[in-house]
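Colleague: Sharing a structure below in structure tokens format, with a few things to ask.
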């Protein structure tokens, strides 16, 4: 029982079905680990332990009565960007330090319906703006592989909680790499689905045309299990699209069952020289190329493709995302909910001080730059031009996919860097240089672990797919994981017993 947290989601499901342990025992095991070890990590903002224990007991009773839902009684946790009824929902910000949501986000409702047990809300960069989880009002999150390093962001709490063995899977959100980059830094698999695949209702918006929820776990199969209840059309979200919904876990099982000695025979993997450009760490490049070599050995064909220069993509993203943030965050004004300054002199003082005191430096920086891009006299020169470039980025991906089935690249140019390195904003933004194009195009993509640096820090490989091809991405990563053991490595914290 002391190593339940090292089991995969499939093993947990099997154990519950075979009565090797109960949901109550499993939930209690995770809660004890969180209470004993999260002081080192700071991955949780809010704990819902007592509610979780009640839900776990109910799940055990339902299973005894014949309930066959596979995820019934399996613990998980939510990034604190998703509204949860009756529970604090902060978005990692002082602005929402006292916001108790009156409703559930759609994915929260769907995961509840699947019978999963939520252990709480996970730390994150403030309003999902950041790449290291150091901008959170609730303090920085530490990487379970090395406590002196960042876990990535903005879903750093989600990545750290899974890597530390506090939950088997967790939800995340991805606006420019916020699932994939922390997955890379923490040795996990994380997937950002096609834009519109997962409802955004109840997900506090950063940039509405870029935000998408996804799942994080140690393996592609873990991600598939959690992604299943998250997906589907939602009439409450105007960007949610009606599209055939696969059975992701079954697709992975079918792919593994039919795979031969060369499981990737016929698969064309596109590799762009633009993704192996200046600024890429040597060890990261070596691990990425070694993974591509393994794919070749297993039957894949590597083809050269061309995509938009990542530096152009980066500039486009950091014009459009802050502009949308400027609009979305205008609702936080100190009047209706959230942080309100003390003793305002008048309405202007209320607005000014509530926002300047409630938002952290990074959020203020992006609001200001976005407001500038949208202002009269600059709108066409900046925002409109960036939208035109976005169309070119999409077209370049379409042209590349005419010659390949998936595109591979390093997930991030480096492994996790040290906490408190005090990177200037431009340097921090470069950490997303390989991931943001996917969000601008609305494509699905995942990160999978492919090795460790000489310092023992994880390295991730990104796989980018065609629209609606999440199953193909998950199957590709799953088959790779059947022939490698990178996803089976555990962080120092995960190896600790309590």
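Colleague: So what is the relative contact order of segment 164-263, in percent, for Cα pairs below 8 Å that sit 6 or more residues apart?
Modeller: Relative contact order here is 28 percent.
Colleague: Which of the peptides 61-72, 153-164, 102-113, 203-214 is most tightly packed, and how do the rest follow, judged by the mean count of other Cβ atoms within 10 Å per residue? Mind dumping the intermediate values first?
Modeller: On the way: 61-72: 13.9, 153-164: 34.2, 102-113: 19.7, 203-214: 23.8.
For the peptides 61-72, 153-164, 102-113, 203-214, the packing ranking is 153-164, 203-214, 102-113, 61-72.
Colleague: Going by how many other Cβ atoms sit within 10 Å of their own, how do 245, 216 line up, fewest first?
Modeller: Values: 245 13, 216 34.
Arranged by neighbour count, lowest to highest, 245, 216 become 245, 216.
Colleague: Express as a percent, rounded to the nearest 5, the fraction of DSSP beta bridges in the chain (both residues included) that run antiparallel.
Modeller: 70 percent
Colleague: Just need the relative contact order of segment 150-202 here, percent rounded to a whole number, with Cα pairs under 8 Å and 6+ apart.
Modeller: It comes to 36 percent, rounded to a whole number.
Colleague: Let me ask something else about it. I need to check one value: relative contact order of segment 42-108, counting alpha carbon pairs closer than 8 Å and at least 6 residues apart, in percent. Don't skip to the end; give the middle numbers.
Modeller: On the way: 59 pairs, mean separation 14.9, N = 67.
About 22 percent, as a whole number.
Colleague: Next question, about the same structure. Apply 1/(1 + (r/R0)^6) to the Cβ-Cβ distance of residue 11 and residue 342, taking R0 = 35 Å, and write down the FRET efficiency to the nearest 0.05.
Modeller: With a Förster radius of 35 Å, E is 0.10.
Colleague: Here's another thing I want to ask about it. Evaluate the Debye formula for the chain with equal point scatterers sitting on the alpha carbons, no solvent, and hand back log10 of I(q)/I(0) at q = 0.06, 0.07, 0.10 Å⁻¹, in q order, two decimals.
Modeller: Debye output, listed in q order: -0.24, -0.33, -0.70.
Colleague: Further question: What is the order of 53, 180, fewest Cβ neighbours within 10 Å to most? Don't jump to the answer; show the numbers that get you there.
Modeller: On the way: 53 17, 180 36.
With the fewest neighbours first, 53, 180 line up as 53, 180.
Colleague: Moving on to the next point. Just how far, in whole angstrom, is segment 289-324 from segment 58-128 if you go by their alpha carbon centroids?
Modeller: The two parts, judged by their Cα centres, are 33 Å apart.
Colleague: While we're here: Pull out a ≥ b ≥ c, the square roots of the eigenvalues of the alpha-carbon gyration tensor of segment 117-233, then state rounded if a/c is under 1.5, prolate if not and a/b is larger than b/c, and oblate in the remaining case. Walk me through the numbers on the way to the answer.
Modeller: Details: a/c = 1.75, a/b = 1.23, b/c = 1.43.
Oblate.
Colleague: Where does each of 145, 468 land when they are ranked from fewest to most other beta-carbon atoms within 10 angstrom?
Modeller: Result, fewest neighbours first: 468, 145.
Colleague: Give the peptides 118-126, 337-345, 305-313 in descending order of average Cβ contacts within 10 Å, highest first.
Modeller: So the order, starting with the most tightly packed, is 118-126, 305-313, 337-345.
Colleague: According to the square roots a ≥ b ≥ c of the eigenvalues of the Cα gyration tensor, what is the shape class of segment 364-494, taking rounded for a/c under 1.5, prolate for a/b larger than b/c otherwise, and oblate for the remainder?
Modeller: Values: a/c = 3.19, a/b = 1.36, b/c = 2.35.
In terms of gyration-tensor shape, oblate.
Colleague: Using helices alone, I'd like the mean residue ellipticity at 222 nm for the chain: each DSSP H run of four-plus residues gives -39500 (n - 2.57), total over residue count, nearest 500.
Modeller: On the way: 16 runs with 190 residues, N = 498.
Mean residue ellipticity, 222 nm, calculated: -12000 deg cm²/dmol.
Colleague: Still on this model: Test of understanding: express the Cα radius of gyration of segment 302-370 as a ratio to 2.2 N^0.38 Å, with N the residue count.
Modeller: With N residues counted in segment 302-370, Rg over 2.2 N^0.38 Å equals 1.62.
Every number in this text was worked out from the coordinates using simple rules, so none of it is lab data. Predicted model only: the values in this text are computed from it and were never measured. Virtual Cβ from ideal backbone geometry, glycine too; neighbours counted across all protein chains shown.
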